[in-house]
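Note sheet for the following structure.
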Amino acid sequence: MAIRIEDQNLLFHLQTDHTSYIFHVMENGELGQVYYGKRVHAKPSYDNLTTKEWHNAAAVWRQDHKDVQPQVLKQEYASLGKGDFRYPAYQVTQENGSRITEFKYESYKLVDGKQRLAGLPSSFDDNDDDAQTLTIALRDKLLGLVLHLNYTIFPHQDVIIRSAEFQNQGDEKLTLNAAASAQLDLPDSDYDFIQFSGAWARERHMIRTHLRSGVQSISSLRGTSSHQQNPFVMLARPNTDDANGSVFGFNLVYSGNFADQVQVDQYDASRMLVGINPEEFAWNLKPGEKFQTPEAVLSYTDQGMNQLSQQMGTFYQDHLVNQKFAHVERPTLINNWEATFMDFDEDKLLSFATTAKKLGLEMFVLDDGWFGHRNNDDSSLGDWFVNEPKFPSGFDTFANKIHELGLKFGLWFEPEMISIDSELYKAHPDWLINAPGRHASPERQQFVLDMTRPEVVDYLFDAMSKIIDLTKLDYIKWDMNRNITETYSSQLSAADQLEMPHRYILGVYQLYDRLVKAYPNVLFESCSSGGGRFDLGMMYYAPQAWTSDDTDAVERMLIQFGTSYGYPQAMMGAHVSAVPNDQVGRITSLKTRANVAYFGDFGYELDITKMSAEEQQQVKDQVAFYKAHRKLFQFGKFYRIDNPFENGGNVMSWEVVSDDKQHAIAGRYQILNRPNIGYLRLYVEGLDPDTKYTVNGGSEEFYGDELMNAGLFVSDILHETRGTDKSADFNSNLFVIDAVK
Ligand code: DGJ
């Protein structure tokens, strides 16, 4: 499959293994969208799809071209103010105040492969996976402004990457007030808009609404992608579900303010826009300057949402995530946060680490509270040197002891933050983000560093490097516990202040980039009060993220299920914590907590030293079980089976299947038990219909088609708990399915 170009008709057909994306140059010299969806045959032209009809009451391109009516045309990257009237993809303000532009097609360039973007996280094709990149150059002659629309196809994952670059080749100062990464005009609006929304501790719950006339959008203005909305969205036909049907997926390789918007117009056509949020954004383009948008990821399938998640997930692991770690099994870990918060000393931590080693865990992660004089959240952010009273024999000695136990050593940082009570604030009060003459709003008693300043990035790189070198660190948990308020940078001119939100995130990316390059063996896990920055921009540097601060098994089912639509399970940090749970006070069994956490990067964050011998044995067995199936849990094909966001949400099930279909593990979870229920079955997916399998090591053999179509009997839960003091609520079962050799 490839990008096919019909030079005579200026028609561009981007063909992937199963999809076609077609656009062309219209009579007015602008780009028109022709088709995106299931793959169709290549032809020199698609006259039927580009037929125009005259509509009453519409601005026309020219008197002698009355059928060229911008408001009816499907456009590729729409302008403002030339008769389209839908939301534009971009907006340019000129020195005279005009916002009118006319970008006309000039040329194209087609190359094999995909180059990384400078300064931004982006896709790549390091292993020659047949990617091709097409750049269309358009020019506004009056302004000397050049627009490059970039398209890369990754044919085997059915993914198209889009971005735009503006180059000011004229001689006046221009301002970009909006610059989407991608626009997609679809001919009808019979779609459901599916978004993943929530709040701190209940991130990425699935919400599905049918499109209606007007605008539906999700966005962030918090300086992060946010807990509240995630940049990943889908447009699905109403009858599409996880197993069947037609669906488009959109994501953005970006971690700052974003907007995903779909607009249904008077003709019931839909326009999707994905990119940096135009609110709180402007970028000044002096003569000779350029602006590059982040990349948008587009994908389509007619095989349901499981297929969409799988193909996008494979694409991320192969073409976006740091390849040093993308396909490497992630270590099991013990994190001290929920066990100790900031109240710990060296002995307590070493006893955790020693017990963790005995139970088979592989990494000890020291969370917040190890630096400056930090003993609660009112101090020391920015002081990235060791809290000496907590580590009297030295931090290097402590780290050595962890390594000598045979464990990896991981450490928490919150690089972008500053406390008023810190050495850093005493030395550099002006590094704290605040607007002139205003009171800076605290959140969790902390403030944000101005990451637009190169000296801040330098300071953080040096301070973090010292600790990484001293402790021979294996892993960093990079946290970010508040949003940005009083957005302003004292080093930017008044006219450049709206560049601040984007420049902030560019500073964060720069620090990540420098650290990842300087310390290629350090595994990064991103975090933002749990899942507040769970996005592809972060994943480029940090291959996994802390999914949520909510570690309750029932809440995590919803959070991980919702997250799985947009992100593969190897990206999700998932830990077993203590009960009653710290976030919701719920008591669930150790078994159910592990059964949920297995489907991610597994670990514990509770005081394992205080567990009974019986519980410790259970943990040891769980760790051994996870390690035996780790590849499957982290990298197996993920299938959602029973959706907890539908049908009352009492039952949820999911499954991982190995690429060769020889092994699978399904998890079935039931929140409340019910009396006197009928027979229950679990219908697994993704197996080979003709292969024979056993389930949980039993003697009966089942064909794959039987397990998938006739289902697997799920026994009455009460028989497990009757006569014990255990609750039958919050129950869960795993089904380990192995091909018969
Ligand atoms: C928020 C994170 O999500 C937690 O896991 C923990 O690291 C705390 N911050 C520490 O302050």
Note to self: C-alpha centroids of segment 78-123 and segment 413-489 sit apart, in Å, by 34 Å
Distance cut-off 18 Å, percentage of C-alpha pairs in segment 185-245 lying past it:
41 percent
Alpha-carbon centroid distance for the pair segment 225-273 / segment 507-556, whole angstrom:
23 Å
May I ask for the percentage of alpha-carbon pairs in segment 642-739 that lie more than 17 Å from each other?
53 percent
Under 1.5 on a/c is rounded, so check that first for segment 333-635, then, if it is not, pick prolate when a/b is larger than b/c and oblate when it is not; a ≥ b ≥ c are the square roots of the alpha carbon gyration tensor eigenvalues.
prolate
Can you give the direction-averaged projected area of the convex hull of the alpha-carbon atoms in segment 346-394, in nm²?
3.8 nm²
What is the ratio of the Cα radius of gyration of segment 502-554 to 2.2 N^0.38 Å, where N is its residue count, to two decimals?
1.25
Are there any trypsin sites (Lys or Arg not before Pro) in segment 358-425 that are in a DSSP loop and have at most 15 other Cβ atoms within 10 Å? List them by number.
none
Sorted by chain and number, the residues with a modelled amide H under 5 Å from that of His205, at a separation of 5 or more or across chains, are Ser197, Gly198
Once the in-chain neighbours fewer than 8 apart are removed, the aspartates and glutamates whose Cα is under 12 Å from Lys726 read none
Estimate the FRET efficiency between Glu404 and Asp377 by the formula 1/(1 + (r/R0)^6), using the beta-carbon distance for r and 30 Å for R0, to the nearest 0.05.
0.40
On each of the three principal axes of the Cα atoms of segment 75-320, give max minus min coordinate, whole Å, ordered largest first.
54, 43, 36
Relative contact order of the chain: what whole-number percent is it, with Cα pairs under 8 angstrom and at least 6 residues apart?
10 percent
FRET efficiency, 1/(1 + (r/R0)^6) with R0 30 Å, evaluated for Lys426 and Asp396 via beta carbons
0.70
Among the complete DSSP H segments of the chain, which ones combine at least 15 Å of alpha-carbon extent along their axis with a mean Kyte-Doolittle hydropathy of -1.0 or more?
346-358, 454-471, 500-518, 553-566
Values of log10 I(q)/I(0), in the order q = 0.10, 0.19, 0.20, 0.26 Å⁻¹, for segment 53-140 under a Debye, Cα-only, solvent-free model
-0.43, -0.99, -1.03, -1.27
Could you work out how much longer the chain between Ser217 and Gln445 gets when fully extended? Use 0.36 nm per residue separation minus the Cα distance between them, nm to one decimal.
78.9 nm
How many nm separate the modelled label positions at Leu110 and Arg438, each set 7 Å beyond the Cα in the direction of the Cβ?
5.0 nm
Exposure proxy ranking, count of Cβ atoms within 10 Å, fewest first, for Ser270, Ser526
Ser270, Ser526
Given the pairs Lys466/Lys627; Lys390/Lys466; Lys38/Lys637, which are separated by over 26 angstrom at their Cα positions?
Lys466/Lys627
Rounded to whole angstroms and listed largest first, the alpha-carbon spread of the chain along its three principal axes comes to 86, 69, 43
Reduced to Cα centres, the span from segment 1-62 to segment 658-699 in Å works out to 45 Å
Please tell me the relative contact order of segment 218-294 in percent, rounded to the nearest whole number, where contacts are Cα pairs under 8 Å and at least six residues apart.
28 percent
Given H placed on each backbone N at 1.01 Å, which residues far from Gln132 in sequence or on other chains put an amide H within less than 5 Å of it?
Gly113, Ile153
Please work out the FRET efficiency for the pair His65 and Ser351, using the Cβ-Cβ distance as r and a Förster radius of 56 Å; give the result to the nearest 0.05.
0.10
Separation in nanometres of the label points that stand 7 Å from Cα toward Cβ, at Val584 and Thr691
3.5 nm
Measure off 7 Å from each Cα along the Cα-to-Cβ vector at Ser699 and Asn673, then give the distance between these two points in nanometres to one decimal.
2.9 nm
Which of Lys631/Lys692; Lys401/Lys631; Lys104/Lys290 exceed 25 Å between C-alpha atoms? The answer is Lys401/Lys631
Value of relative contact order over segment 333-635, rounded to a whole percent, pairs C-alpha under 8 Å and six or more apart:
18 percent
Residue by residue, what Karplus-based ³J(HN,Hα) values in Hz, rounded to whole numbers, does segment 423-430 have, using 6.51, -1.76 and 1.60 with θ = phi - 60° and x for Gly and Pro?
5, 4, 5, 4, 7, 9, x, 6
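All of the numbers you see were taken from the coordinates with simple rules; none came from a lab. On a predicted model such as this, the values are computed, not experimentally measured, just so you know. Ideal geometry is used to build each Cβ from the backbone, glycine not excepted, and the neighbour counts take in all protein chains shown.
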